[in-house]
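The values are calculated or read from the model by the stated rules, or taken from the named source; none is laboratory data. Quick caveat: nothing in here was measured; it's all calculated off a predicted structure. For neighbour counting, all protein chains shown are included, and Cβ atoms are generated from backbone atoms with ideal geometry for every residue, glycine included.
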Amino acid sequence: MPYTADDVSPDMSFLEMLDVVNEGLIVKGEDPIAFDSDCREGICGACGFLINGVPHGPDPGTTVCQLHMRRFRDRDTVVLEPWRARAFPLVKDLVVDRTAFDRIIQAGGYTSINVGGAQDGNAILIPRNTVEQAMDSAACIGCGACVAVCKNASAALFTSAKISHLSLLPQGQVERHHRVTAMVERHDAEGFGSCSNEGECEAVCPKEIPITNIARMNREYFRAMLARP
Ligand code: SF4
Ligand code: FES
């Protein structure tokens, strides 16, 4: 359905522009356009839809809440669509149900061992490069753009980021085999497809999570299979 956005400032974020459109619709007694958002700072992962066919829009490494209207020209037509994947059922307009991601995390994206009180930061020495990789993986905000862009609707980048984050650190070693097995099996059970190494997920990820995490997840899974009694 076409909408017109008037009085748009180049400094508005894309979501602020939608807020203005919605205020106009509410004044006219019409239904506002439904979309998700929370932090509007690019850190929570609540926002996300396709803008002219690209998840989160034209700016690389940017969530839609951090995209600004200066990126578009006056009188441009922009086409907005929700994420499309069987595992993300449509709720309304631009809102989809992403609780499948929560269930993948619930399957194993945690450490349940009791490690006592917090230790000094330098008590467990970890190579700097390893820490950097773990923290880069932990940057995933669970937005779902990687699924939306993938022709297989695979959540491999999301799942592998969560697995990598913990498998790289000493605290993640104890439940390592259970974690990868349970999370990969949950991923498949939720209806996400398999990865066929297309790389679109890496290209649209607003946190620039590298596809090398998927190779690490596959190695972890293979290792867990070999360790099975
Ligand atoms: S891997 Fe990137 S695109 Fe996928 S859910 Fe995480 S932040 Fe979003
Ligand atoms: S609203 Fe939180 S990342 Fe966009």
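Pairs meeting the criteria (first residue in the stretch 37-59 and of a type in the set (D, E, K, R), second residue within 6 Å of ligand 2 (Cβ to nearest atom) and at pLDDT 95 or above, beta carbons under 6 Å, at least 6 apart or on different chains) are 38/44; 38/46; 40/65. Taking first residues from the stretch 205-218 that are basic (Lys, Arg) and partners that are assigned to a helix (DSSP H, G or I), the Cβ contacts under 6 Å between residues at least 6 apart in sequence or on separate chains come to 216/164. Scanning the stretch 70-90 for residues that are crowded, with 17+ Cβ neighbours inside 10 Å, more than 22 Å from residue 202 (Cα to Cα) and in contact (Cβ under 8 Å) with a residue 12 or more places away in the chain yields no hits at all. Looking across the stretch 128-146 at every residue that is under 17 Å from residue 44 (Cβ atoms) and in a helix (DSSP H, G or I), the one that is farthest from the chain's Cα centre (by Cα) is identified as 138. Against the conditions (1) more than 15 Å from ligand 2 (Cβ to nearest atom); (2) surrounded by fewer than 16 Cβ atoms within 10 Å (Cβ to Cβ), residue 22 satisfies every one except (2). Applying the condition of being free of Cβ contacts under 8 Å to residues at least 40 places away in the same chain and surrounded by fewer than 19 Cβ atoms within 10 Å (Cβ to Cβ) to the stretch 138-190 and asking which residue is nearest to ligand 1 (Cβ to nearest atom) yields 138. Screening 223, 219, 228 for residues that are more than 20 Å from the chain's Cα centre (by Cα) and assigned to a loop (DSSP other than H, G, I, E, B) leaves exactly one candidate, 228.
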